[in-house]
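What follows is a short report on a single structure.
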Amino acid sequence: MSTNDRPEIVSEAFGDPADPALLLIMGAMASMLWWPEAFCRELADAGLHVIRYDNRDTGRSTKYPAGEPPYTFDDMADDAIAVLDSHGIGKAHVAGMSMGGMIAQRVALGHPLRVASLTVISSSPVGIDTSHLPQTTDAYLEHSAAGADVDWTDRRQVIDFMVKDARAIASTAHPFDEAGMRVFIERDYARSGGFLSATNHFMLKGSDQWKGRLHEMAAPLLVIHGTSDPIFPVEHGAALAQAVAGAELLRVEGGGHELHADD
């Protein structure tokens, strides 16, 4: 399938379609389930029409053979717009987490008339050099490297590794619920039919078209970032907020690279 062929992107909506829309974009290897249903319903109860969706290669959306994804980050930004189109939504608030935050930045820059506001969680700025910022922690890099030894077709190995991954990125302000996380990942694995294709997300490339263009961001921007994020240290969130006029940075003390119900 070429990048010109539209994939099937599976989505789910909560709340009243007459309410302002909020599109949620999740990160690498993560299906829509990583936006917890209770969280989505809480937002809907607060007066938003909430939409979550499975990125390519996750959940029930189109999957590709592992190793050579025939799409880019910009294609994934187009997927977000396609989801809005499929729900008949002209303009939405957009929130993205981690890789989803990078996709969300591309959505806001490339489709400014479609984005009412932007919230970027646990992510890094698009189109600027971040090599001078603190990088992923050694502990997380060591854990991540072990992923190369995982047989991604072996359910038990994969689930064990993903539980370890969840622990590695968890908040330092709350206890880690390993049993609950394992149940959740088993459910996500079953629904997705495995996570092999989702490893494609780590091979994606972006174009240079957004280089140096964050200042063009028209949507009001809120950056939310944990101070204990091991993947993108909080300085990445600060750099994003600094690059966009009027942006607000909300630091979550002890927050990791996760959505936690108590944060």
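The values are calculated or read from the model by the stated rules, or taken from the named source; none is laboratory data. As the structure is a prediction and not an experimental result, all values here were calculated from the model. FYI the Cβ positions are ideal-geometry reconstructions off the backbone, even for glycines, and counts take in every protein chain you see.
Here Leu43 fulfils each of the conditions (1) in contact with a Leu (Cβ under 7 Å, 6 or more places away or on another chain); (2) under 15 Å from Ala80 (Cβ atoms) apart from (2). Within the stretch 157-203, the set of residues being among the small types (Gly, Ala, Ser), more than 19 Å from Met32 (Cβ to Cβ) and free of Cβ contacts under 8 Å to residues at least 24 places away in the same chain comprises Ala179 only. Looking across the stretch 110-124, the residues that are touching a strand residue (DSSP E or B) at 6+ places or on another chain (Cβ under 9 Å) and either part of a loop (DSSP other than H, G, I, E, B) or over 29 Å from Val163 (Cα atoms) (or both) come down to Arg114, Val115, Ala116, Ser117, Leu118, Ser122, Ser123. For the stretch 205-220, the set of residues classified as crowded, with 19+ Cβ neighbours inside 10 Å and touching a Phe, Trp or Tyr at 6+ places or on another chain (Cβ under 9 Å) is empty.
When the helices (runs of 4 or more DSSP H) confined to the stretch 155-263 are screened for residues that are at pLDDT 95 or above and either in contact with a strand residue (DSSP E or B) (Cβ under 9 Å, 6 or more places away or on another chain) or hydroxyl-bearing (Ser, Thr, Tyr) (or both), those reaching at least 3 such residues are found at 234-243. Among the residues of the stretch 37-49, not a single one is buried (at least 20 other Cβ atoms within 10 Å of the Cβ) and assigned to a loop (DSSP other than H, G, I, E, B).
When the stretch 85-109 is examined, which residues are found to be of a type in the set (Val, Ile, Thr) and either surrounded by fewer than 21 Cβ atoms within 10 Å (Cβ to Cβ) or over 19 Å from Met32 (Cβ atoms) (or both)? Scanning the stretch 85-109 gives a single hit, Ile89. Here is the figure for the stretch 116-136: residues that are in contact (Cβ under 8 Å) with a residue 24 or more places away in the chain and farther than 22 Å from Met26 by Cα total 2. Mind counting the residues in the stretch 204-243 that are closer than 21 Å to Ala168 by Cβ and touching a residue at least 24 places away in the same chain (Cβ under 8 Å)? Adding up the residues that qualify gives 13.
Scanning the stretch 141-181 for residues that are surrounded by fewer than 17 Cβ atoms within 10 Å (Cβ to Cβ) and under 18 Å from His225 (Cα atoms), we see that the one that is nearest to the chain's Cα centre (by Cα) is Arg167. Look at (1) more than 19 Å from the chain's Cα centre (by Cα); (2) crowded, with 17+ Cβ neighbours inside 10 Å; (3) polar (S, T, N, Q) and you find that Ser131 fails only one, number (2). Residues in the stretch 26-45: is at least one in contact (Cβ under 8 Å) with a residue 60 or more places away in the chain, aliphatic (A, V, I, L, M) and closer than 21 Å to Leu221 by Cβ? Yes, the stretch 26-45 contains a residue that is in contact (Cβ under 8 Å) with a residue 60 or more places away in the chain, aliphatic (A, V, I, L, M) and closer than 21 Å to Leu221 by Cβ. Would a scan of the stretch 1-10 turn up a residue that is under 24 Å from Ala116 (Cα atoms) and part of a loop (DSSP other than H, G, I, E, B)? Yes, the stretch 1-10 contains at least one residue that is under 24 Å from Ala116 (Cα atoms) and part of a loop (DSSP other than H, G, I, E, B).
Can Pro112 be described as modelled with pLDDT of 95 or more and either surrounded by 23 or more Cβ atoms within 10 Å (Cβ to Cβ) or β-branched (Val, Ile, Thr) (or both)? So Pro112 fails the test.
The residue that is farthest from Gln105 (Cα to Cα), counting only those in the stretch 1-52 that are β-branched (Val, Ile, Thr) and within 17 Å of the chain's Cα centre (by Cα), is Val10.
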